[in-house]
1. Counting Lys and Arg as +1 and Asp and Glu as -1, what is the net charge of the other residues whose Cβ lies under 14 Å from the Cβ of Gln77?
2. Most exposed first by the Cβ proxy, i.e. fewest other Cβ within 10 Å, how do Met381, Met409 rank?
3. From zero up to wherever the largest Cα-Cα distance of the stretch 133-374 sits, split into 10 Å bins and tell me the percent of pairs in each.
4. Once both labels are modelled 7 Å past Cα along the beta-carbon direction, what's the Ser28-Asp370 spacing in nm?
5. Using a Förster radius of 35 Å, what is the FRET efficiency between Arg218 and Ser400 based on their Cβ-Cβ separation? Nearest 0.05, please.
6. Rank Gly434, Leu320, Gly468 by how far each Cα sits towards the positive end of the charge dipole of the chain (+1 on Lys, Arg Cβ; -1 on Asp, Glu Cβ) and give me just the farthest.
7. Take each uninterrupted DSSP H stretch in the chain, measure its Cα extent along the helix axis, and return the ones at 15 Å or beyond whose mean Kyte-Doolittle hydropathy is at least 0.5.
8. With only alpha-carbon atoms counted, please give the Rg and Dmax of the stretch 180-313, in Å.
Amino acid sequence: MPMNQTNSRTGSGLDADLTVDRPLAGGSGPAHQRLAAWLRSEINGGRLLPGDRLPPSRALAEQLGASRWVVTEAYDQLKAEGYLTGRTGSATIVAEVAPRPPATPDTPPATPTDPAAVLDLSPALPDLGSFPRSWWRAAITRALVTASDVQLGHPDPAGEPELRRVLADYLRRVRALDGRPDHVQITQGVGNAVWLLCRHLRARGVRRLAVENPCWPRVRRIAGVHDLDVVPVPVDGEGLIVDHLVAADAQQRIDAVVTMPTHQFPTGVPLSPPRRLALLSWAETGNRWIVEDDYDSEFRYDRRPVGALAALAPERVIYLGSVSKTLSPSLHLGWMVVPEPLRAGLDAARDALGALAPALDQLALADLIDSGRYDRHLRRMRRLYQARRLALLAALAAESVPGAAAPSMDAGLHVLWYLPAATDESRLIERSRGAGIALTGLAPCHTGRGRPGLVLGYGNLPEHRAAGVARLLAAAAR
Ligand SMILES: Cc1ncc(COP(=O)(O)O)c(C=O)c1O
């Protein structure tokens, strides 16, 4: 596409994400060069994509507290280098074929043990370089300025009422949940919510908890801590095999199941419509609980995500979510929507745990969502992740490792790459670590033996590095 044309992404509203002070913070040299270097690294890092529109020079200059000349110089420099396009007086846009630095993943970094030098392909990480720092800073500032003195006291154990209200609205809008604000409880993330629920269910006499196999290993660990018997239920191409759950339950009562119906971890499949109905009927007829981890519902790329189970049976389903994949796991902010009968006892579990998300962070999240910036951030991240996903899948396909396969749904932040049956998964992971790539294996997700594989997170994998990473992995797998 010629440089002065743009693609459909133009006008996406990305401009506001450049309102950070980072471009000019730190470093030495003239301000326009520092700004140009920062923009270059955003483009090379895949955080600005071809077609993204940069803010007008006057607006960016104001936001940075710099002169307009600084911005126009930086833009002109990058236009000359082919990174940007756009004539004077029109929008400045990231070019379709922006230059990329040479890919170097085959070369082990000088000190692979240095965490900063390791390319972390953990499926639990979003693109940390894309955290909307300026928006978060603005939201935190607003929270600090507007919080009442009372709000600076001991936080409400169920969460800040403001955030609960905003989340109830948000979940109604995006997931058709019809929870009232007092059904929404703020947590420190999905893991924390599972912890609270296990404690609470155990106190109510629950003994056996079903989990998917393979599953997020943390769920099994948390259930174990609470002395719950974990019943692994296999997953196939349609998600949790509900018939197996029903059969296991017939032998000895199972009171609850933890499931990821939108995008199962780690297999990446959604629960099929017949299984959804079968699961709901199992819960409803036997007064059982479904714990729904609405994992990756924000990141479906080909169409809208399948609906939440909690929208169909709010009285039987406990719904969990967090910002760990949408913003950052470091915030430790999440939520659950709890059916009425389970609400009261949760307070005791929360008291026992003691830890609550900081009130100011909760208020900042409420502000971010309410202002529409959370939605804008997600829109931007969807485009970025989909491009990364396609690049990784294409790169893996190009390597054609006999016996390997990457069955995949157009969603999420990871690809499950099944390895040839004879592969020593842990050895492959160890060797890759030596070459500067941190990998997550499939083995810890299984109860019992399963096919070897890698759960490849691409949240932090820029497109231009996908081929090199795939080459390295393929060589190790062969
Ligand atoms: C399956 C699954 N659900 C949820 C999460 C998010 O967990 P948390 O909110 O505790 O960070 C993760 C993160 O690794 C995950 O793998």
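1. 0
2. In order of increasing Cβ crowding within 10 Å: Met409, Met381.
3. 7, 33, 36, 18, 5, 0
4. Computed distance between label sites Ser28 and Asp370 equals 4.6 nm.
5. Using R0 = 35 Å, I get an efficiency of 0.55.
6. It is Gly468, whose Cα lies furthest towards the positive end.
7. Helices passing the filter in the chain: 190-203, 359-370, 463-477.
8. Just the Cα atoms of the stretch 180-313 yield Rg and Dmax of 14.2, 42 Å.
Every read-out reported here was derived from the displayed coordinates using simple, explicitly stated rules and does not represent laboratory data. Predicted, not measured: the structure shown is a model, and the values here were computed from it. Neighbour counts run over all protein chains shown; Cβ positions are idealised from the backbone, glycine included.
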